[in-house]
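K.L.:
Sharing a structure with you now.
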Amino acid sequence: MPEIFDIIIIGGGPAGLTAGIYASRARMKTLILNEGTVGGQLVLTHEIANYPGVESISGFQLGNIMKKQALTFGCKIRSNVQVTGFDYSANPKIVEINGSERFFGRTVILSPGGEPRMIHVPGETEFKGRGVSYCATCDGDFFTGKDIVVVGGGNSALEEAVSLTKYASNVAVVHQFDQFQAFPYAVEEAKANPKIKFYMESQVRNILGDDSVKQVEIEHLPTGGKTMLSVDGIFIFIGYIAKTQGFEKCVILNDRGEIIVGTEMQTNVPGVFAAGDCIAKRYRQVTTAVADGTIAALSAIEYLRTN
Amino acid sequence: MLQTNLTHVLTASAHQKLIQENENVMICCGRMGPMCIPVYGIMEELEPEYSHVKFADMEFDNPESHPIRNAPECKGFMGIPFTVYYKNGKLVKATSSIQSMPQVRSILEAQFDNKKQ
Ligand SMILES: Cc1cc2nc3c(=O)[nH]c(=O)nc-3n(C[C@H](O)[C@H](O)[C@H](O)COP(=O)(O)OP(=O)(O)OC[C@H]3O[C@@H](n4cnc5c(N)ncnc54)[C@H](O)[C@@H]3O)c2cc1C
């Protein structure tokens, strides 16, 4: 007879870990299946300074504390696994990992979070780690005295463009619209920096190089004119998207690929809940993810009590 | 020292000793940052499974990590961590920046498959 969990949580970021803490503390047999490193996007965050009750902490540490809390209450966690199949309409619900192992759950909470948006141009994947980067704090110092491109027009892009001028000689900010989405303070700071040049209404078309990046081709959208920039690197900060590929087979998503939930975090499938950055909502923060995770766990517990 | 549960390599001579005394070695040379932590996590996870491979880390900012930072195989690398794989003391594969579990696993299988237990 296979082991049947009360709650299986797909994704071990702040939302999934919080759901794991609440569910296992309520003595539910709980399993978290996580594709990457436990902690999710927290691991990508050098400093969290807006999590109430904690003045400042690295994302890695905060994630580790959440993980420890969940484990302490008896939650099981499997990390670095790949969910390769599922049947959420079955009773119990089935989740398959790594093409072989199967887990059975009476309820499921989906919390796969988000992933960085790529620009999907030739060279982006080939030159990852060889001039294409998504992390200024990690890789900035490789570009000391060099010229680089920063793609994006939001707060992250402009703040990182400014921070990269500590290393780079020249930073070309490429943004597809004629206005920035960033807050005025970030725009003003970037505009006041003499090392930063702006290419508005433009998009990157090609990343070229040999051992590493050497050139980036950009297109001015209104005129179609192409410019080849000789640079050593390109940093991409164009936001995050819900990591819900494949989930459209089981729950209803909106046109942005986000899971549609009700106020109790319930999806359209009975016994299946969702929480965190993967759901259709406006604000994506650790605080909102942990709140969603709490509600999803409590709703799943209530579902188990009444069904 | 990096906060991981892997073997820490602290000097260039310890690095040399490690790759000479072990047939299959994987070393992740990085910092405690967003692109590196996931790779350490993957290595910790795989360590029990690949008992014929020695898994270790080395601090990127430690001047003693020059054998990895300056390896010809790492030429053009502009993203940490630099992850290097040695077979019988010879560097056989190197990757730059974050890697996923399937990516690491496929390199381990391709380079060190012969003795997987
Ligand atoms: C650089 C950066 C800085 C940030 N700074 C802050 C900040 O200062 N303050 C703040 O409040 N917020 C910040 N955020 C946002 C915050 O990190 C996110 O809102 C929060 O992590 C979302 O939590 P989550 O659990 O929904 O998703 P995630 O953190 O994305 O976690 C999802 C987890 O699910 C796993 N997963 C994905 N797909 C699957 C699958 N199919 N099967 C199994 N597992 C899967 C992933 O590997 C991951 O571990 C930042 C984000 C980034 C990227």
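The values are calculated or read from the model by the stated rules, or taken from the named source; none is laboratory data. Keep in mind that what you see is a predicted model, and the values were worked out from it rather than measured. Reconstructed Cβ throughout: ideal geometry from the backbone, glycine too, with neighbour counts over all protein chains shown. The accessibility values were calculated without ligands, DNA or RNA, using every heavy atom of the protein model including side chains. Shrake-Rupley method; radii C 1.70, N 1.55, O 1.52, S 1.80 Å.
K.L.:
Output the residue which, of all residues in region A:74-96 that are open to solvent by 60 Å² or more (accessible area, probe 1.4 Å) and within 22 Å of B:GLY41 (Cα to Cα), is modelled with the lowest pLDDT.
P.N.:
It comes out as A:GLN82.
K.L.:
Please go through (1) within 15 Å of B:ALA56 (Cβ to Cβ); (2) away from chain A (no Cβ under 13 Å) for B:ALA94 and return the number of the only condition it doesn't satisfy.
P.N.:
So the condition that B:ALA94 fails would be (2).
K.L.:
Turning to a different aspect of this structure: Within region B:1-45, restricting attention to residues that are among the hydroxyl-bearing types (Ser, Thr, Tyr) and touching a helix residue (DSSP H, G or I) at 6+ places or on another chain (Cβ under 6 Å), which residue is most open to solvent (accessible area, probe 1.4 Å)?
P.N.:
Among residues in region B:1-45 that are among the hydroxyl-bearing types (Ser, Thr, Tyr) and touching a helix residue (DSSP H, G or I) at 6+ places or on another chain (Cβ under 6 Å), the one most open to solvent (accessible area, probe 1.4 Å) is B:THR11.
K.L.:
On to the next question. Which residues, taken from region A:234-255, are open to solvent by 60 Å² or more (accessible area, probe 1.4 Å), more than 9 Å from the ligand (Cβ to nearest atom) and not in a loop (DSSP other than H, G, I, E, B)?
P.N.:
A:GLU248, A:LYS249
K.L.:
Could I ask something else about it? Scan region A:97-129 for residues that are open to solvent by 60 Å² or more (accessible area, probe 1.4 Å), part of a loop (DSSP other than H, G, I, E, B) and not hydroxyl-bearing (Ser, Thr, Tyr) and report the count.
P.N.:
6
K.L.:
Within region B:53-76, which residues are loosely packed, with under 15 Cβ neighbours inside 10 Å and either away from every other protein chain (no Cβ under 12 Å) or part of a loop (DSSP other than H, G, I, E, B) (or both)?
P.N.:
Answer for region B:53-76, where residues must be loosely packed, with under 15 Cβ neighbours inside 10 Å and either away from every other protein chain (no Cβ under 12 Å) or part of a loop (DSSP other than H, G, I, E, B) (or both): B:ASP61, B:PRO63, B:HIS66, B:ASN70, B:LYS75.
K.L.:
Right, here's the next one. Can you spot a residue in region A:31-41 that is over 13 Å from A:LYS76 (Cβ atoms), surrounded by 17 or more Cβ atoms within 10 Å (Cβ to Cβ), modelled with pLDDT of 95 or more and away from chain B (no Cβ under 14 Å)?
P.N.:
No, the conditions are met nowhere in region A:31-41.
K.L.:
I would also like to ask the following. Take A:ALA136 and tell me if it is under 22 Å from the mean Cα position of the chain (by Cα), away from chain B (no Cβ under 14 Å) and open to solvent by less than 10 Å² (accessible area, probe 1.4 Å).
P.N.:
When the stated conditions are applied, A:ALA136 does not pass them.
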